[in-house]
C-alpha cells in the first residue's frame with residue numbers, strides 16, 4: 001500500500017513526477033528482488049512527519065529521508081495478510097537529495113524504498129561489514145537505479161570502512177556478496193539513511 005501525503009507547496013510537483021501505480025510496481029519488483037516476503041506499507045510524507053517519527057521511535061529530534069519499521073511477531077498475528085513492515089519516506093528530503101545528486105524525485109524515492117526494503121529484510125549497514133552495501137549495489141544495478149545511500153558516503157566526504165569498500169569493490173568484479181543478516185522482529189524504527 002502506498003500513502004502519499006504531499007508536503008505543502010509540493011502537491012503539483014508530486015502529481016507530475018510521482019505516479020502511485022509506478023511506485024507500487026517498483027515496490028513489488030524491489031520486494032521480490034530483495035527476497036522479502038509479506039506486504040510493505042509505504043508512506044510518502046513531509047519532513048515534519050519524519051522528524052516526529054524519528055523522535056518518537058529513535059529518540060532523534062531531526063528529519064531524515066527514510067525510516068524502516070519491521071513488523072513484529074505481534075503485528076503479524078493481528079494482520080490479515082503477512083506484513084513485512086512499513087517504510088516512511090520524506091518527500092521534501094528526497095527532493096533536496098535528488099536535486100543535489102542530479103536525478104529525478106522518482107529515482108530518489110525508488111532508491112530510498114530499496115534501501116528501506118533491505119533493512120526490512122534484516123540488513124544493517126551500520127553494524128555489518130559491508131554486506132548491505134554490496135547487496136544494495138547489486139540490486140541497484142539489477143533494477144536500473146542510480147547511486148544508493150550507502151555508496152553516496154564516499155561522495156559526501158565521509159569515509160566508509162575498508163571492509164565496506166572491499167565488499168562493494170568485489171561485487172563490481174563479479175564476486176557474490178553475503179546475502180543477509182539476521183531478521184529484526186522488533187517494533188523499533190531503524191534509521192536507514194547512511
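Quick note: the coordinates plus some simple rules give every number you see, no bench work behind them. Keep in mind it's a predicted model, so treat the numbers as computed, not measured. Neighbour counts are summed over all protein chains in view; Cβ atoms, including those assigned to glycine, are modelled from backbone coordinates with ideal geometry.
The relative contact order of segment 1-53 comes to 66 percent, based on Cα pairs under 8 Å that sit 6 or more residues apart. Label-to-label distance, residue 21 versus residue 141, with points set 7 angstrom from Cα along the beta-carbon direction: 3.3 nm.
Under the simplified labelling scheme, the residue 72-residue 32 pair shows an inter-label distance of 3.3 nm, with each label point 7 Å from Cα along Cα→Cβ. In plain terms, the chain from residue 57 to residue 8 could stretch by 15.2 nm, reckoned as 0.36 nm per residue minus the Cα-Cα distance. Projecting label points 7 angstrom from Cα along Cα→Cβ for residue 101 and residue 48 puts them 2.7 nm apart.
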